[in-house]
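Before any comments, here is the structure.
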Amino acid sequence: MRYSLILLFTSLWFSLSAQSEKPVYFERADDSLVRFYYDMNYFLVDKNCEFKSIERLAEFEAKTTNFIGKFSDYYPNGRKMLEGNYQEGKKEGFFQAFHPNGQVKWTVTYQDNVPVGEWNYFYPDGKPLMQVLYFEGRSKLQSYWDQMGNQRIKEGTGNYDFKVPYPGYNPYGYPFIRYKGRFEDGYPEGVWQIFFENDKKRQIAGQEEYRNGRLVAGEDFYTGEPYKTPKYPLIPVESFIQAESILAKGCTYDDFSGFLVYLRDFFNNSFNTFQVESLPSEDFSVIVQLTKNGAVRKVDLQIELDPNNQELSKALIFVANAVEYYQPSFKNGEYVADEISIHGKAMLTAEGKLNFHSIRIERPAEQN
């Protein structure tokens with residue numbers, strides 16, 4: 001579940017901590033500071049949630065839902081993770097992040113909510129990682145060093161081989177993505193390869209071709225689909241900006257991993273060309289029988305959007321069955337078979353298309 005907290009801030013400001021039956025996403029720390037609780041991707045979570053990874057101390061204006069003044073973010077061990085400053089809700093001035101061991105992770109300066117000049121990244125041992133130059137609303141890679149300390153890109157030119165956590169839920173079960181290609185004068189050039197990785201293996205996932213820094217052709221090797229808009233960022237993207245959206249997630253792994261967002265988008269994309277004249281109900285529910293490995297054994301429709309539209313009902317079953325990878329249920333330290341329920345809502349747009357939202361999952365095996 002993913003929802004906006006703007007109304008919550010304006011109508012129930014600082015009241016959550018006094019109501020134990022409701023999640024506590026924030027609470028007053030002192031007369032001027034508020035303590036916020038986030039997961040690792042800067043979505044608000046309950047203070048007692050197992051996925052809570054970050055605490056922020058900041059001044060906050062409830063009326064505008066804006067951060068104001070200086071703030072500091074902290075790791076679970078109490079060490080500082082990030083510090084910076086907001087001015088009327090916009091990032092302003094010097095920002096500095098830290099690795100869990102206390103070493104500087106990156107530094108950058110913001111002007112009117114936009115990074116300017118050099119964004120310098122460092123490895124946990126303090127050695128330089130990369131330098132990105134921001135100017136006139138653009139960015140270019142200046143330098144890059146591998147983990148052995150060898151400079152692979154100098155003055156914007158050289159070979160790039162870099163691994164980062166996969167951004168969001170990966171339907172193929174890989175937690176990392178690696179990019180391999182060449183930069184010229186600060187921009188990607190020529191043929192690039194994209195890999196999915198875990199601790200034991202690497203699988204090529206796609207290929208892209210750049211000319212003069214622009215993507216001219218890309219292919220997803222898993223789906224076989226071509227694309228011309230970059231699917232993944234080549235340089236690190238810092239998730240702390242997400243904190244400004246004031247969005248919360250429930251305390252389940254499906255929320256935390258981004259699987260619910262993936263399911264919503266998967267349903268919307270799958271029904272992109274499906275036309276519907278009317279929608280008697282906005283609620284639907286699908287039952288999916290899963291093995292302990294996440295493989296689908298059977299899909300049944302529990303609640304139909306329109307009992308009189310069998311084509312729509314069959315399409316819902318087909319789409320639920322087409323999901324590439326379901327996260328299996330987890331109990332007593334191991335994955336187990338389960339019969340999960342996918343609940344959600346759909347609305348009909350003016351163009352006669354379905355818009356799915358409010359997706360949630362019930363896992364009986366994890367609850368018993």
Problem - Only one of Asn85, Asn77 that is part of a loop (DSSP other than H, G, I, E, B) and in the same structural domain as Asp112 (by TED's automatic domain parsing) - result: Asn77
Practice task
Name the residue, out of Pro115, Pro175, that is not hydrophobic (A, V, I, L, M, F, W, C) and not assigned by TED's automatic domain parsing to the domain that holds Asn212.
Solution key: Pro115
Practice task
Tell me, please, whether a residue that is part of a helix (DSSP H, G or I), without any contact (Cβ under 8 Å) to a residue 24 or more places away in the chain and crowded, with 16+ Cβ neighbours inside 10 Å can be found in the stretch 299-318.
Solution key: yes
Practice task
Within the stretch 44-91, count every residue that is polar (S, T, N, Q), surrounded by 14 or more Cβ atoms within 10 Å (Cβ to Cβ) and within 22 Å of the chain's Cα centre (by Cα).
Solution key: 4
Exercise for the section: Could you check, for the stretch 198-208, whether at least one of its residues is of a type outside the set (Gly, Ala, Ser), surrounded by 18 or more Cβ atoms within 10 Å (Cβ to Cβ) and assigned to a strand (DSSP E or B)? Expected result: yes
Practice task
Check Ser285, Ser278 and return the single one that is modelled with pLDDT of 95 or more, more than 21 Å from Pro171 (Cβ to Cβ) and among the small types (Gly, Ala, Ser).
Solution key: Ser285
Practice task
Could you please give the count of residues in the stretch 111-152 that are free of Cβ contacts under 8 Å to residues at least 40 places away in the same chain, in contact with a Gly (Cβ under 9 Å, 6 or more places away or on another chain) and part of a strand (DSSP E or B)?
Solution key: 9
Exercise for the section: Examine the stretch 25-34 for a residue that is part of a loop (DSSP other than H, G, I, E, B), free of Cβ contacts under 8 Å to residues at least 12 places away in the same chain and charged (D, E, K, R), and state whether such a residue exists. Expected result: yes
Exercise for the section: Kindly indicate whether any position in the stretch 92-102 is over 22 Å from Pro165 (Cα atoms) and loosely packed, with under 15 Cβ neighbours inside 10 Å. Expected result: yes
Exercise for the section: Evaluate the following for Val276: is it free of Cβ contacts under 8 Å to residues at least 60 places away in the same chain, in contact with a helix residue (DSSP H, G or I) (Cβ under 8 Å, 6 or more places away or on another chain) and surrounded by 12 or more Cβ atoms within 10 Å (Cβ to Cβ)? Expected result: no
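If the requirement is being under 15 Å from Ile246 (Cβ atoms) and free of Cβ contacts under 8 Å to residues at least 40 places away in the same chain, which of these qualifies: Phe67, Phe60, Phe94?
Only one candidate qualifies: Phe60.
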Exercise for the section: Might you check whether a residue that is over 26 Å from Tyr335 (Cβ atoms), touching a residue at least 40 places away in the same chain (Cβ under 8 Å), surrounded by fewer than 17 Cβ atoms within 10 Å (Cβ to Cβ) and of a type outside the set (Asp, Glu) occurs anywhere in the stretch 284-293? Expected result: no
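The values are calculated or read from the model by the stated rules, or taken from the named source; none is laboratory data. The structure displayed is predicted, hence computed values, not measured ones. Cβ: placed from backbone, ideal geometry, glycine included. Neighbour counts: every protein chain shown.
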